Structure formats: C-alpha cells, structure tokens
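**Q** Before we start, here is the structure in question, set down as structure tokens.
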Amino acid sequence: MHPKYLPVFKDISFNPEHIEDYVPMQPLHPGIFDYFCEDGWCYWSDLLFRRNYWEWRGSPCRVIILRNNLREFQFSKSQRRCIRNNSDLVVLRRPLRITEAHEELFMRHAQRFSHNRPASMYGFFSSWSHLMPSVGGMLEVYKQDKLIAVSYFHVGLRSVAGNYCIFEPEEYKRSLGTFTMLLELKMAKQHPSWEYYYPGFVYDVPSEFDYKLNFNGLEYFDWWGNWYPIERLPVRDWRMDL
C-alpha cells in the first residue's frame with residue numbers, strides 16, 4: 001500500500017489479484033450497461049475498461065470504483081449552499097453532442113492540469129458517444145449567454161453514470177465541477193427507476209478526483225463483486241496530503 005494512502009481506504013475489502021480488462025466501445029442494452037457499471041467497468045472514447053491497479057503521479061495505487069446509493073443520498077449544508085450560490089445560472093439538459101463551443105471550453109479547462117494534461121476531448125468522447133455505451137445526455141450551464149460548464153452522462157435502466165465535466169477556469173469560485181455533479185445526482189434521485197449514480201473512480205492516494213468522496217450515500221466496489229458503504233471524506237486541499 002502506498003505510504004500516502006487515504007485513511008478512509010485503510011481497512012477496506014479489496015481483491016489483491018491484478019484485474020485489467022478492455023473491450024471495444026459498443027452499444028449496450030440499458031440493463032447490460034447497468035451490469036457493466038455494477039461490475040467495475042468505466043469507459044472513455046472508443047473503449048470500455050476496468051482495472052483495479054494503476055499509477056498516479058509516478059506511484060502505483062489502487063483504483064477505487066464509487067457509486068452513490070440514491071436512496072441514501074442527501075445534500076449536505078455546503079452542497080445546498082453551492083446550489084444556491086449558482087442559482088443565477090441557466091442549466092439546460094440535452095442529448096449528448098460535442099460542439100465547437102464545448103471543444104473551446106475543454107481547451108481552457110485542460111490548462112488547469114499540470115500533470116497528465118488531456119490533449120483533446122476525443123480522448124473521452126467519440127462521434128458515437130450519444131449512443132454508446134448507452135444513451136448519452138449532458139447538462140449545459142450558462143452564465144447569461146456564455147457557456148461556462150458542461151457535464152456528460154449515460155443512462156441505464158436502474159442507474160446513471162457521470163462521464164466527464166468541463167468548466168470555465170475563471171469561474172473556479174463557483175465550484176462548477178461539484179455543482180454539475182450535484183445537478184446530476186438531483187436528476188438521478190428524482191428519476192423513479194434509477195437506484196445508483198456512478199461518478200467513476202478515485203485512487204487510494206490523494207488526487208484531483210477526491211472531490212467525489214465528499215458526497216453522502218457512497219459505496220465502493222471491492223473487485224470481488226461486492227459493494228460496501230464507505231465514509232464520506234470532507235472537502236480539503238488534496239495537495240496538502242502529497
């Protein structure tokens with residue numbers, strides 16, 4: 001285990017056998033998409049994949065797949081405040097479609113990363129992402145007539161999976177990554193058939209993805225086929241733990 005592991009993952013059940021599987025991107029029946037999410041699969045561009053070990057900032061680490069049990073999820077006080085602080089924004093839900101405005105926003109968003117900076121949106125999406133691996137949607141966020149954030153998701157019969165989010169770096173005080181995730185959770189919780197929201201993965205070491213741990217109703221995948229509740233990790237500057 002990495003010496004800088006997050007304490008919340010210290011005593012979790014975790015299959016130590018190396019798992020790394022890849023299959024080409026393909027359209028899945030919504031029920032099969034649910035199964036893939038439940039079995040630890042993620043997806044980018046033209047690939048469906050799952051792996052329980054990886055490397056982050058030059059160090060080996062465990063990959064922790066997360067989901068939110070929507071029956072257990074409730075907004076915290078700080079999350080309600082985040083929603084209120086962004087009440088002046090206009091949010092539009094649309095079918096997933098990458099536009100030129102998205103690509104321009106992505107390039108500004110990518111400048112935030114000093115490590116492993118993504119070069120293109122098409123490392124995460126393809127021309128068929130509106131249909132694969134399942135039906136895709138997006139939430140566009142506007143400040144007056146300016147697009148300042150977009151989040152992308154795909155839906156199954158019993159679940160919804162958040163895929164990616166981009167936002168305007170100049171609007172960092174709005175916490176738009178958290179805001180759009182809260183909007184997706186709210187949308188998912190209101191749907192009569194959806195039971196789980198899958199925000200993707202984090203590592204067992206501090207990383208930029210740790211904001212996903214600051215939500216109620218969290219569960220993690222043990223890579224043996226089981227999901228267990230896990231403690232919510234309060235907001236903090238993850239860089240202080242490096």
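The values are calculated or read from the model by the stated rules, or taken from the named source; none is laboratory data. From a predicted model like this one, the values you see are computed outputs, not experimental measurements. Neighbour counts run over all protein chains shown; Cβ positions are idealised from the backbone, glycine included.
**Q** Looking for something without any contact (Cβ under 8 Å) to a residue 12 or more places away in the chain, more than 30 Å from Pro234 (Cα to Cα) and either in contact with a Cys (Cβ under 8 Å, 6 or more places away or on another chain) or among the hydrophobic types (A, V, I, L, M, F, W, C) (or both) - is there at least one such residue anywhere in the stretch 112-127?
**A** Taking every residue of the stretch 112-127 in turn, at least one turns out to be without any contact (Cβ under 8 Å) to a residue 12 or more places away in the chain, more than 30 Å from Pro234 (Cα to Cα) and either in contact with a Cys (Cβ under 8 Å, 6 or more places away or on another chain) or among the hydrophobic types (A, V, I, L, M, F, W, C) (or both).
**Q** Given (1) of a type outside the set (Ser, Thr, Tyr); (2) surrounded by fewer than 22 Cβ atoms within 10 Å (Cβ to Cβ); (3) in contact (Cβ under 8 Å) with a residue 12 or more places away in the chain; (4) assigned to a loop (DSSP other than H, G, I, E, B), where does Pro192 come up short, assuming only one miss?
**A** (3)
**Q** Within the stretch 120-136, is there a residue that is within 25 Å of Leu28 (Cβ to Cβ) and in contact with a Lys or Arg (Cβ under 8 Å, 6 or more places away or on another chain)? Show your work before the answer.
**A** Taking the stretch 120-136 as the starting set, the residues that turn out to be within 25 Å of Leu28 (Cβ to Cβ) are 120-136.
Filter again for in contact with a Lys or Arg (Cβ under 8 Å, 6 or more places away or on another chain), leaving 130.
Yes; the residues of the stretch 120-136 include at least one that is within 25 Å of Leu28 (Cβ to Cβ) and in contact with a Lys or Arg (Cβ under 8 Å, 6 or more places away or on another chain).
**Q** Residue check: is Phe153 in a strand (DSSP E or B) and under 25 Å from Arg80 (Cβ atoms)?
**A** yes
**Q** In this structure, does Leu92 turn out to be within 20 Å of the chain's Cα centre (by Cα), in a loop (DSSP other than H, G, I, E, B) and within 25 Å of Ser120 (Cβ to Cβ)?
**A** Criteria not met by Leu92.
**Q** If you scan the stretch 207-239, which residues turn out to be modelled with pLDDT of 95 or more and small (Gly, Ala, Ser)?
**A** Gly217, Gly225
Per-residue answers, yes or no, for (1) of a type outside the set (A, V, I, L, M, F, W, C); (2) touching an Asp or Glu at 6+ places or on another chain (Cβ under 7 Å); (3) within 23 Å of His109 (Cβ to Cβ):
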position: Glu171; (1), (2), (3): yes, no, yes
position: Phe179; (1), (2), (3): no, no, yes
position: Ala188; (1), (2), (3): no, no, no
position: His191; (1), (2), (3): yes, no, no
position: Tyr197; (1), (2), (3): yes, yes, yes
position: Phe201; (1), (2), (3): no, no, yes
position: Asp204; (1), (2), (3): yes, no, no
position: Asp210; (1), (2), (3): yes, no, yes
position: Glu219; (1), (2), (3): yes, no, no
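**Q** Here's another thing I want to ask about it. Does Tyr198 satisfy the condition of being touching a residue at least 40 places away in the same chain (Cβ under 8 Å), touching a helix residue (DSSP H, G or I) at 6+ places or on another chain (Cβ under 8 Å), over 19 Å from Arg112 (Cβ atoms) and not in a loop (DSSP other than H, G, I, E, B)?
**A** It is true that Tyr198 is touching a residue at least 40 places away in the same chain (Cβ under 8 Å), touching a helix residue (DSSP H, G or I) at 6+ places or on another chain (Cβ under 8 Å), over 19 Å from Arg112 (Cβ atoms) and not in a loop (DSSP other than H, G, I, E, B).
**Q** Another question about this same structure. Report, ordered by the first and then the second residue, all pairs with beta carbons closer than 6 Å, sequence separation of six or more or different chains, a first member in the stretch 32-54 that is surrounded by 17 or more Cβ atoms within 10 Å (Cβ to Cβ) and among the basic types (Lys, Arg), and a second member that is at pLDDT 95 or above and outside any strand (DSSP E or B).
**A** As it stands, the answer is Arg50/Gly40; Arg50/Trp41, since those pairs meet every condition given.
**Q** Related question: Can you name the residue in the stretch 58-71 that is over 18 Å from the mean Cα position of the chain (by Cα) and surrounded by fewer than 16 Cβ atoms within 10 Å (Cβ to Cβ) and, of all such residues, is nearest to Pro192 (Cα to Cα)?
**A** Arg71
**Q** Please go through the stretch 1-31 and give me each residue that is part of a helix (DSSP H, G or I) and surrounded by 15 or more Cβ atoms within 10 Å (Cβ to Cβ), ordered by number.
**A** Hits for the stretch 1-31 are Val8, Phe9, Pro30.
**Q** Out of Val205, Val155, Val150, which single residue is surrounded by 19 or more Cβ atoms within 10 Å (Cβ to Cβ), within 22 Å of Ala101 (Cβ to Cβ) and not basic (Lys, Arg)?
**A** Val150
**Q** Could you say which residue among Arg71, Arg80 is free of Cβ contacts under 8 Å to residues at least 24 places away in the same chain, more than 24 Å from Val205 (Cα to Cα) and not aliphatic (A, V, I, L, M)?
**A** Arg80
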